[in-house]
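Before any comments, here is the structure.
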Amino acid sequence: MSDPSSPNEASVMRLADTGFQAPTTLLARYGLALERVEPGVAIPGSFWGDEEAGIIGTTVYARDDTPVHSLLHEAGHLIVLPPERRSFVHTDATDSIDEEDATCYLQIVLADELPGVGRTRLMTDMDAWGYTFRLGSAQAWFEQDAGNARQWLIEHGLLDREGRPVFS
């Protein structure tokens, strides 16, 4: 899916840029663990392979070269699942369009919880990485076409009415 030698993809923010402490703390607020994988070692539970984050049960796996957007996306997949379904996840969390949309929306919101990241940077990175949205960009989708995802997250108690994350 990705080619890190591409100029756009090479410029995305990675965990080496942010460190693991803030993401570890954020994930813990949802009852999730972040496990750091050594450089050059395959990431367990990675759907796309390469440097993309992986998920198994309640653990998100990532390396220093893992893009922040990938970490937040995979964590988002676990967060949108009811806790009783999380333990059964290995690599692929869902085939639900509603859950996928909610995951994309939530990863953008959660970027504001990571110092030095924020939603604007995350959406730019999502576009550079090749996420595709009907309106042509992550920001256009988020601002103009993601009402269903936002409402889903509110109804499931993951966002408050103002669109802020609700932590477990």
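For beta carbons closer than 6 Å, sequence separation of 6+ or different chains, a first residue in the stretch 133-153 that is farther than 18 Å from ALA111 by Cα and touching a residue at least 40 places away in the same chain (Cβ under 8 Å) and a second that is surrounded by 13 or more Cβ atoms within 10 Å (Cβ to Cβ) and hydrophobic (A, V, I, L, M, F, W, C), the qualifying pairs are TRP152/ALA102. Number of residues in the stretch 45-92 that are without any contact (Cβ under 8 Å) to a residue 60 or more places away in the chain, in a loop (DSSP other than H, G, I, E, B) and surrounded by 15 or more Cβ atoms within 10 Å (Cβ to Cβ): the value is 12. Among what's in the stretch 130-152 and is farther than 20 Å from VAL80 by Cβ and in a helix (DSSP H, G or I), pick the residue that is farthest from the chain's Cα centre (by Cα). Here the answer is GLN144.
Of all residues in the stretch 34-63, those satisfying the criterion of being under 14 Å from the mean Cα position of the chain (by Cα), closer than 17 Å to VAL80 by Cα and among the aliphatic types (A, V, I, L, M) are LEU34, ALA53, ILE55, VAL60. Screening ASP3 with (1) under 19 Å from CYS104 (Cβ atoms); (2) modelled with pLDDT under 95; (3) of a type outside the set (Gly, Ala, Ser) gives one miss only, at (1). Pairs meeting the criteria (first residue in the stretch 154-168 and at positive phi and surrounded by fewer than 11 Cβ atoms within 10 Å (Cβ to Cβ), second residue modelled with pLDDT under 95 and among the basic types (Lys, Arg), beta carbons under 9 Å, at least 6 apart or on different chains) are lacking.
Just need a number here: residues in the stretch 93-127 that are small (Gly, Ala, Ser), surrounded by fewer than 19 Cβ atoms within 10 Å (Cβ to Cβ) and more than 14 Å from ALA149 (Cα to Cα). Write out each step before concluding.
Restricting attention to the stretch 93-127, the residues satisfying the condition of being small (Gly, Ala, Ser) are 93, 96, 102, 111, 116, 118.
Those still in the list that are surrounded by fewer than 19 Cβ atoms within 10 Å (Cβ to Cβ) too: 96, 116, 118.
Filter once more, so that each one left must be more than 14 Å from ALA149 (Cα to Cα): 116, 118.
Qualifying residue count for the region: 2.
Taking the listed residues GLU162, GLU100, GLU155, the one that is within 12 Å of the chain's Cα centre (by Cα) and acidic (Asp, Glu) is GLU100, with no other qualifying. Consider THR124 against the criteria (1) in a helix (DSSP H, G or I); (2) closer than 18 Å to THR24 by Cα: it satisfies all of them except one. Which criterion is unmet? Of everything listed in (1) in a helix (DSSP H, G or I); (2) closer than 18 Å to THR24 by Cα, THR124 misses just condition (2). Being in contact with a strand residue (DSSP E or B) (Cβ under 7 Å, 6 or more places away or on another chain) and at pLDDT 95 or above is the filter here, so list the residues in the stretch 78-112 that pass it. Passing the criteria: LEU78, VAL109, LEU110.
The values are calculated or read from the model by the stated rules, or taken from the named source; none is laboratory data. Predicted, not measured: the structure shown is a model, and the values here were computed from it. Heads up, the Cβs are rebuilt from the backbone with ideal geometry, glycines too, and the neighbour counts pull from every protein chain shown.
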